[in-house]
Structures are given as C-alpha cells and as structure tokens.
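Q: I have a structure I would like to understand better, so I am pasting it below and will then ask my questions one at a time.
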Amino acid sequence: MKKSFFLFFSFLLISAIAFSASPVLSASATQPVYPGTSKPYLNITSGSGKTSYVSSSLNDPTDPAVVYGIYFTITNSPTSITFTSNKTSVLPNANISFVESGGVYILKITPIAVGYATVSIVATNGDGSSSTYKVAYAVSASSAYPYNTIWSANMADASGATSIDDNYMFACDDETNILRLYSRKNSGIDLYNVNIQSAVGASEECDLEGSSLNVKYNTEKRIYWVGSLGNSKSGNLKPNRDRVIATDVSGTGANSVLSVRSYSTKFRAALITWGQSQNWNFSASAAEGKIPKLLDGFNVEGLTVTHGGDTGYIGFRAPCVPIKGTAPTASNRKYAIVAPVTNFETIMNATGPLVTGTPSISEPILFDLDGFGIRSIERVGTNLYLIVAGLFTGGGTPVVYLWDGKTHATPGTNPITITSSFSKLTKLNLPGLDQLAQVSANGDADGHPEALVAEQVGEIIYIHLICDNGTVNYYADADGTEAKGLSNLPYRKFRYDNFVYDQTNYTTNCPNNIIKFSANNTPGNTYQWQINTGNGYTDLSNSSIYAGTTTDTLRLINAPTSMTGYLYRCEITNGGTVTYSNENTLRFKAYWVGGISNAWEISGNWGCGILPDQNTDVIINAGMPVLSSNATIRSVSANPYTSVKINSSYKLTILH
C-alpha cells in the first residue's frame, strides 16, 4: 500500500512540475551561415534571456536578418508567443515574422526607416511563467543602388583591402591593428579576424591605409599592408605608424587565415630623404607638429605591387607637389605622387619579423588629378592601374581614374594627365559613384572610398570600391554618434560598392545623352567626320542628330538605338596630308543598377532610365533583375556574381 501511494504521489509531483515548468526561448547556437561554410552572417548570442545586436540597411537585398532570419528554439510548450517592436516607426510589428520550421523558429525582420528598434520575443505558459529574448536592431539608410552595395559589419573605418578569390577579401581599418576576412557577395560580419599588433612590434594602432597582393614571393599567398607613415591628426609623431607589413595566407576561401611574416620601419625615413632629393622639402611636411592631412602634409594611403613583381608603388594622399626640382609654393602644389620602391618585395621577403633592408626608390611618378591626392591604387590585369583620388582633407566627391601603367622616360618632370601623349589616364564615369558619400556626424558629406579590389574579364573591369565610413552617423543619433564610436561592434560597418567599366571602343552613353567622338587630339587644318552604315564611308553634315561634323569632336544628340553598329571616323587634313582618326563603333549599353527594385520592366532600375531594346547591349554588374514580360535585347554581359531570373511563361530573346 505504501509503495503504490509513493508511485502515485511521484506521478502527481512529476505532472505538477511539467505543468508549471517555464518555457525556455533560446537563440540557437547554430545560425544561418555563409554559403559553403560553418560561419554565421550575424553575431547572435546563443541562449535565453539574452540580447543580440544586429545592423541593417534599408532595401539591402543580402541583409541576413531579412533573407535568412535568426534561429530560435523553444522548449516546454508555451501557450503563447509574442514578438513586438518598441519603435514601430522604424520596425512595424507587421514586418516581424516568427515562424516554426522543422522544430526551429525563424525570426525575420524588415525595417522601414532609419533608427533603432528592439524586438522582444516572449514565450509564455498558462501559469504566467515566461522566457524573453531581445534583438536590438540598428537601421541605416538605403544605398542609392541597393543591388550594387554590400554592408560589412564589425568595422567602420575600412582603409585597405585585398581579394583572395572571387568570394572573399581581407580588409584593414585605420583605427585598430585587426585584419578581417569578409565576404564579397553578402552583407554580414567578418568570418575571421586577427590582431597583429604585438607581431609587428606596435604598442598602438599603426593607421593601416593600404594593401596589395604579392607577385614575386609566395605567389598570391602574401598580402602587404602599409601604415600612413605620418603624424597624428594633431601633428604628434607616431612611430607605430611607420610600418610596412607582410602577412602570409594559409588555407583557402572562408578558411583563410593570416600570419605576420615580416615588418619594416625603414620606409618613412627613406621616403622623407627621397622627397628631399626632389627639392620638395618632405622634412618639413613630416616634421613634429605638422598635421598630415594638409596639402603640404605627409600621409601615405596607396600601395600596389607591379605586374613584374618586386617594385611597390606607394601613393601619397599628401603632399601634392610641383614637378621634380621645383621648390613647392602655395600655388604650385598640383601633382599627386607615386613613389616606386624597386626592391619592395625583396625587403619584405627577408627573414623576419623585423627586417632591416633600405628601400630603394626610383624616379617619382606624378599625376594631375585636379589637385586631389591618392587614396588608393590597385593594379588590375597585367599593366592597368585604378586610382581613387580624393581631397587631402577628406570628404568631397570621389573620383576614379584608370591608368595604362606607362610613364615618360623622366616621369618626375613629365606628369601624367588625361591628355598625355605617352600615357593614357582616363577619368571614369561610374554611375552612382557620387552617391557613396553619406552624412557624417558633423553634417559633412563623408565616407570616401579608401580601398578597392578589381578584376578584369576581357575588356570589362569590375571595380569594387570600399569606403571608410567611420565618421558617418548611420542611425540618425541625436548626439551625432560616429560609426567608429558605437559601443556595439555589430553596429559598425562599411560599404562595398560594385561598378563596371567597359574598355571597348564603344560608345556606352545613353541614347538620350549627348554622345561624343574625338579625333584623339590630332592637330589638323580641317576636320570632316564620316559615317559608314554598311556601304562605305560618306561625309556627315550637321543635322538634328549631328553637330561638330567639321571639328575635332563629333556630337550625337538623341541618337536612336536603331543606329547601333554605325561606324564613325574623322578625316584630318594637315598641310595637304590626309589621315584618319580611330574608327568608332556606336553601341547603346544599358547598365543594370536596381535603384528601385529588381523588376526588369521599371526604367528607373536601368542606368539610362530607359528600358533596353533589341538594339541595346545589357550589362549586369550586380544584383539579380527579374523579368516578368517578353523582352528582346542585342546582347547581355553579366558579372560572374550576378544572374537574371526569368519568370515562367516569359522569354528573353538575345540576338547576338
């Protein structure tokens, strides 16, 4: 009798415990991960009763919290689950979903405005016991072209980057000595990071500003990094910034890690001596008390290794200088500087960690960048170089140049300009480039590109610009908090924007723009533009479409796309000698920008604001346009990272 009672009492006790046990709502230790990896997009604190911090950008098509969500588990069968936003003007409750799938609850969040909102998820039992988890969400403004922008979190002051493959890159910032591995295709946190401070003998930040993949040693498995080599913003000497560093890459893809091979503290002194020898008074520019970000300051930001290897090009943000041998004045500081260090890789390949080789620096290469300095320089392909130019003070509208790598025999006295006969320097028209600047905490437009990675596929160059967004007030904080000062690391982020440049001798302008063909600055007594529509060349006359038919520049005004494929050349007569300009092929190209949505049929999603037709070559640099109609185009060229989705029952006809 006692035994039976005991068993019965135990059953009642166990039942009472089961009935009154509190539910347990927990963020899962397993969260959505980057493709093909075990590494999560977001930094989610697992367990119950916690708070995780997540950043988002409006309209970001790769926003992990929108696309994949955050995973939770719930035990002890709650009778109700609620999820609410504490600021519905930023995140309405209707834009929160919490759906169970296969035993996992998935939280997805789609914000509508800039600011902060905290989502509280509460699981409650019938007796009132409950379990809560919070997601503190910070929302920044949309990119002008969301399908071209990736937002990389846990770091705001991106200042240098080098890609290791199509999917991943290593990046540095100028506020810490931490190097981070990021996805090049998806928004989210870094997949790996390492603090190299002690390995390079530093006691504070090295102000890392540029990086480059190696060429000569440990091929494509070494990344070089350069500090600013300058003073602090108040002019104090900063020996820790006198660092050039070599790191070796182990592993591949998402499993890549870095280790310091060597570092040098010889470059600042060598460059100052070199600048003195050019009569540019670098000693004064780098002297204690001198602010680095002045026209006559001293501040390095660009680094790339040349195609043949060993030589490293070091680009100066400041100073700008006159030609070699001319003493600088307030009015003649016109040219940006590249210093070619001819034994760069040899120095850095010596047995480390601290190497002692003296940099050997050859003739300066000068560029006329309209008074701007060099914020980044990157070799692309064999001998081409991309240069990001910017104000020595910071801010301003960014400019990107493409240089063919050629120099004059005496480059220090023959600066490279956009009209140089010995070298080609092209100022690129990249749609959306002027949209990269965002509002800083002080109200200025800031967020200038400071790094880039690029690939060349045939005549197409894919350009990926990386911005230092450290001073941006992302979340409209009333106190003007800068991104780099945010206490929650996941709220800090920088932007990675995709652009495309077509080098072919085609006109890529929009049909509703003025299209120009040039006689290549060839001098002549007379000029006569000619056209070939398929039956040989004939002379042109001015009309409603053509202007300047007898000048060195032909203009086409509102040319219809039906003229695609027409050939143009200029007959140049000079002293009785007749020559012809290069032949120009008229093509109309529509660049996908996805500025409004992913709908092919919306003209605002195309760079020209005009839908492509059967005479148009389509270029898709980033994003995934979705076709929901029948369409015909001349051709299509897509970045390897993009695609086109054609909904059922519709057809895309490609003529070439």
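The values are calculated or read from the model by the stated rules, or taken from the named source; none is laboratory data. Because the structure is a prediction, the values reported are computed rather than measured. Ideal geometry is used to build each Cβ from the backbone, glycine not excepted, and the neighbour counts take in all protein chains shown. To get the accessible areas, we keep the full protein, side chains included, count just its heavy atoms, and leave off ligands, DNA and RNA. Shrake-Rupley method; radii C 1.70, N 1.55, O 1.52, S 1.80 Å.
Q: Using a 1.4 Å probe over the heavy atoms of the protein chains, calculate the carbon and sulfur portion of the accessible area of the stretch 257-315 as a whole percent.
A: The C+S portion of the solvent-accessible surface of the stretch 257-315 is 48 percent.
Q: To one decimal place, what orientation-averaged projected area in nm² is obtained for the convex hull of the Cα set of the stretch 132-204?
A: Computing the convex hull of the Cα atoms and averaging its projections yields 7.2 nm².
Q: Cα to Cα, under 26 Å, and not fewer than 8 places away if on the same chain: which lysines meet these conditions relative to LYS516?
A: Partners found: LYS406, LYS424, LYS427, LYS589.
Q: Quick one: Cα centre-to-centre distance for the stretch 156-221 and the stretch 65-113, in angstrom?
A: Centre-to-centre (Cα) distance: 34 Å.
Q: What would the Debye formula give as log10 I(q)/I(0) at q = 0.19, 0.27, 0.28 Å⁻¹ for the alpha-carbon point model of the stretch 508-578, no solvent?
A: -0.76, -1.31, -1.37
Q: A further question follows. Over the stretch 527-609, with every protein chain in place, what whole percent of the accessible area is carbon and sulfur at 1.4 Å, could you tell me?
A: On the way: 1590 of 3600 Å².
Carbon and sulfur atoms account for 44 percent of the accessible area of the stretch 527-609.
Q: Translational diffusion coefficient of the chain at 4 °C, 1.567 mPa s, Stokes-Einstein with Kirkwood Rh over Cα pairs, in µm²/s as a whole number. Could you put the intermediate results ahead of the total?
A: On the way: Rh = 27.6 Å.
Answer from the Stokes-Einstein relation: 47 µm²/s.
Q: Show me the three semi-axes of the equivalent ellipsoid for the stretch 567-613, from the C-alpha gyration tensor (sqrt of 5 times each eigenvalue), largest first, rounded to whole Å.
A: For the stretch 567-613, the ellipsoid semi-axes come out as 41, 8, 6 Å.
Q: Hey, what's the chain come to in accessible area per residue, 1.4 Å probe, Å²?
A: Result: 40 Å² per residue.
Q: What whole-number volume per residue, in cubic angstrom, does the convex hull of the C-alpha atoms of the stretch 301-359 give?
A: Residue-normalised Cα hull volume stands at 110 Å³.
Q: For the stretch 458-497, count all C-alpha to C-alpha pairs, find those more than 15 Å apart, and express that count as a whole percent of the total.
A: Details: 376 of 780 pairs.
For the stretch 458-497, the fraction of Cα-Cα distances above 15 Å is 48 percent.
Q: If the stretch 334-448 were replaced by its equivalent ellipsoid, with semi-axes equal to the square roots of 5 times the Cα gyration tensor eigenvalues, what would those be, largest first, whole Å?
A: 28, 21, 13
Q: If you fit an axis through the alpha-carbon atoms of helix 267-277 and take the longest principal axis of the Cα set of the chain, what angle between them do you get, 0 to 90°, nearest 10?
A: Helix 267-277 sits roughly 20 degrees off the main axis of the chain.
Q: Going Cα to Cα from LYS39, which aspartates and glutamates come in below 19 Å? Please leave out same-chain ones fewer than 8 positions away.
A: ASP63, ASP165, ASP166, ASP190
Q: Could you give me the ³J(HN,Hα) list for the stretch 489-499, computed from phi with Karplus coefficients 6.51, -1.76, 1.60 and θ = phi - 60°, whole Hz, x at Gly and Pro?
A: 3, x, 7, 7, 7, 10, 10, 10, 10, 9, 9
Q: I've got another one for you. Below 14 angstrom from the Cβ of LEU486, what's the summed charge of the other residues (Lys, Arg +1; Asp, Glu -1)? Mind dumping the intermediate values first?
A: Details: positive: LYS484, ARG492, LYS493; negative: ASP157, ASP173, GLU175, ASP477, ASP479, GLU482.
Residues close to LEU486 contribute a combined charge of -3.
Q: Right, something else. Beyond 16 Å, what share of the Cα-Cα pairs of the stretch 554-656 remains, rounded to the nearest whole percent?
A: The share of Cα pairs beyond 16 Å in the stretch 554-656 comes to 63 percent.
Q: Farthest toward the dipole's positive end in the chain, which of SER518, THR273, TRP151, given Cβ charges of +1 (Lys, Arg) and -1 (Asp, Glu) about the Cα centre?
A: Checking the options against the dipole of the chain, the answer is TRP151.
Q: A follow-up question, please. As an exercise, find the ratio Rg/Rh for the stretch 9-144 from alpha-carbon atoms, using the Kirkwood inverse-distance average for Rh.
A: Details: Rg = 16.7 Å, Rh = 15.9 Å.
With Rh from the inverse mean 1/r over Cα pairs, Rg/Rh is 1.05.
Q: With runs of 4+ DSSP H residues as the only contributors, calculate the mean residue ellipticity of the chain at 222 nm using -39,500 (n - 2.57) per run, divided by the residue total and rounded to the nearest 500. Show your work: numbers first, answer last.
A: On the way: 5 runs with 43 residues, N = 656.
That calculation yields -2000 deg cm²/dmol at 222 nm.
Q: Next up: What's the longest piece of the chain with no exposed trypsin sites (Lys or Arg not before Pro), counting a site as exposed if DSSP puts it in a loop and it has at most 12 other beta carbons within 10 Å?
A: 234-650
Q: For the stretch 491-645, what value does the Rg/Rh ratio take when both radii are computed over Cα atoms and Rh is the Kirkwood radius, given to two decimals?
A: That ratio is 1.08, to two decimals.
Q: Tell me, which cysteines of the chain are without a disulfide-compatible partner by the Cβ under 4.7 Å rule?
A: So far as the 4.7 Å Cβ criterion goes, CYS172, CYS206, CYS320, CYS467, CYS570 stand without a partner in the chain.
Q: Here is a follow-up. Given all pairs of different Cα atoms, what value in angstroms does the Kirkwood hydrodynamic radius of the stretch 231-323 take?
A: Hydrodynamic radius (Kirkwood, Cα pairs) of the stretch 231-323 is 15.0 Å.
Q: If one takes the longest principal axis of the Cα atoms in the chain, at what angle in degrees, from 0 to 90 and to the nearest 10, does the Cα axis of helix 2-20 lie?
A: It works out to around 30 degrees.
Q: What part of the accessible area of the stretch 80-228, given as a whole %, is carbon or sulfur when the probe is 1.4 angstrom?
A: Answer for the stretch 80-228 is 47 percent, counting heavy atoms of protein chains only.
Q: Right, another one. How many angstrom lie between the Cα centre of the stretch 566-640 and the Cα centre of the stretch 357-396?
A: 30 Å
Q: For the stretch 372-437, max minus min Cα coordinate along each principal axis, in Å, sorted largest first?
A: So the extents along the principal axes, rounded to whole Å, are 38, 26, 19.
Q: Tell me the Rg and the Dmax, in Å, that the Cα atoms of the stretch 116-253 produce.
A: 20.1, 70
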